[in-house]
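J.: Let me give you the structure first, and then I'll get to my questions.
The values are calculated or read from the model by the stated rules, or taken from the named source; none is laboratory data. Here the structure is a predicted model, which means the values were calculated and not measured. Cβ sites come from the backbone with ideal geometry, for glycine too, and all protein chains shown count toward neighbours. Accessible surface is based on the protein model in full, side chains and every heavy atom, while ligands, DNA and RNA are left aside. Shrake-Rupley method; radii C 1.70, N 1.55, O 1.52, S 1.80 Å.
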Amino acid sequence: MSTFPWAKGHGTENDFVLLPDPDGSIHGDLDAGLVRFLCDRHAGIGADGVLRVIEGSKQSYVEDGGDWFMDYRNADGSIAEMCGNGVRVFVRYLADEGLTDGKPVRVGTRAGVKEVVLNDDGTLTVDMGEPTLPDPAGVVVEANGHQWPALHVDMGNPHAVAFVDDLREPGHLVDQPVWSPEEAFPAGVNVEFVVRRGPNEVAMRVHERGSGETRSCGTGTCAVTVASARQARQELPVTYRVGVLGGSVTVTWREDNHLELTGPAVVHARGEFDRAWLPA
């Protein structure tokens, strides 16, 4: 096949290229070079990451692939376990293509199966699972010559959440913030910088490993909710509105310790890519 189909969408301006590959035969084990090329905002389509769409029974990455499996790659081609904005875009694509039946969609990821519900108002709600706190104290992050204590929150992927006085303090988050101790995040980490806007409202910026600063991060908004509720010593359930550069989402930390992420998602472009333009 000389061309292959693609689609593009975003959730609060965290944008993704989707590669329809139902039986896993088009792209095989997705090549990191192809991912980098597709995510290139000058030579490729441009995105924060790539979502490969595979039928759950046709994938070989995890034991339970759900109804559909989201093979997610960061913009640098590296594998990521989970993406809260990506999984909403993923299910929006399935719904637009008539591949859902109106029931909660079980999406397989490398961080386990996530159930996604399409709401009447057009938003989508994801059961993001339970957070873990592998190292509740002692992590420090540094950016733009400043240092802050950070809370390590794992949402299937690692996060370091730091509270700052002003979201401008971390400077340009082009480069990965550094952290200590280094062994806290051997595979890298997403770093969120947070300010409080009200009792249950915060705003954040994020540097995502493998992608740089992004307009939003779904798992990051969940990690921020956990850190904010802990800092305020709030009892569960608790709901936060989390502002990101690309809009806002709502995160509820339920009594059963699961986090629910609710926000918009849209698929706004589709096309075909000519293989002749792919890097050698």
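J.: Of all residues in the range 252-261, which are open to solvent by less than 40 Å² (accessible area, probe 1.4 Å) and either within 27 Å of GLU97 (Cβ to Cβ) or acidic (Asp, Glu) (or both)?
T.: LEU261
J.: I'd like the residue in the range 233-251 that is closer than 15 Å to PRO199 by Cβ and part of a strand (DSSP E or B) and, out of all such residues, is most open to solvent (accessible area, probe 1.4 Å).
T.: Top of the filtered list is ARG241.
J.: Turning to a different aspect of this structure: Which of the residues that make up the range 33-71 are closer than 17 Å to PRO20 by Cα and in contact with a Ser or Thr (Cβ under 7 Å, 6 or more places away or on another chain)?
T.: Passing the criteria: GLY49, GLY65, MET70.
J.: Check VAL17, VAL35, VAL107 and return the single one that is open to solvent by less than 10 Å² (accessible area, probe 1.4 Å) and not in a strand (DSSP E or B).
T.: The unique qualifying residue is VAL35.
J.: Please specify each residue of the range 176-199 satisfying the condition of being open to solvent by 50 Å² or more (accessible area, probe 1.4 Å), in contact (Cβ under 8 Å) with a residue 24 or more places away in the chain and either within 20 Å of ILE79 (Cα to Cα) or not assigned by the TED database to the domain that holds GLN147 (or both).
T.: Listed by number, the residues that qualify are GLN176, ALA187.
J.: If you don't mind, there's one more thing I want to ask. Just to check your reading of the model, which residue among THR109, THR100, THR132 is among the polar types (S, T, N, Q), over 30 Å from ARG270 (Cβ atoms) and not assigned by the TED database to the domain that holds THR221?
T.: THR132
J.: Which residues, taken from the range 181-225, are at pLDDT 95 or above, in contact with an Asp or Glu (Cβ under 9 Å, 6 or more places away or on another chain) and of a type in the set (Gly, Ala, Ser)?
T.: Across the range 181-225, the qualifying residues are SER216, GLY220, ALA223.
J.: Follow-up question, since we're still on this one. So, in the range 38-62, exactly how many residues are over 22 Å from ASN190 (Cα atoms), open to solvent by 20 Å² or more (accessible area, probe 1.4 Å) and either touching a residue at least 60 places away in the same chain (Cβ under 8 Å) or not aliphatic (A, V, I, L, M) (or both)?
T.: Residues flagged as over 22 Å from ASN190 (Cα atoms), open to solvent by 20 Å² or more (accessible area, probe 1.4 Å) and either touching a residue at least 60 places away in the same chain (Cβ under 8 Å) or not aliphatic (A, V, I, L, M) (or both) within the range 38-62 amount to 9.
J.: I'm trying to understand the selection: among the residues of the range 130-175, which are over 27 Å from PRO237 (Cα atoms), open to solvent by less than 20 Å² (accessible area, probe 1.4 Å) and part of a loop (DSSP other than H, G, I, E, B)?
T.: Those that are over 27 Å from PRO237 (Cα atoms), open to solvent by less than 20 Å² (accessible area, probe 1.4 Å) and part of a loop (DSSP other than H, G, I, E, B): PRO170, GLY171, LEU173.
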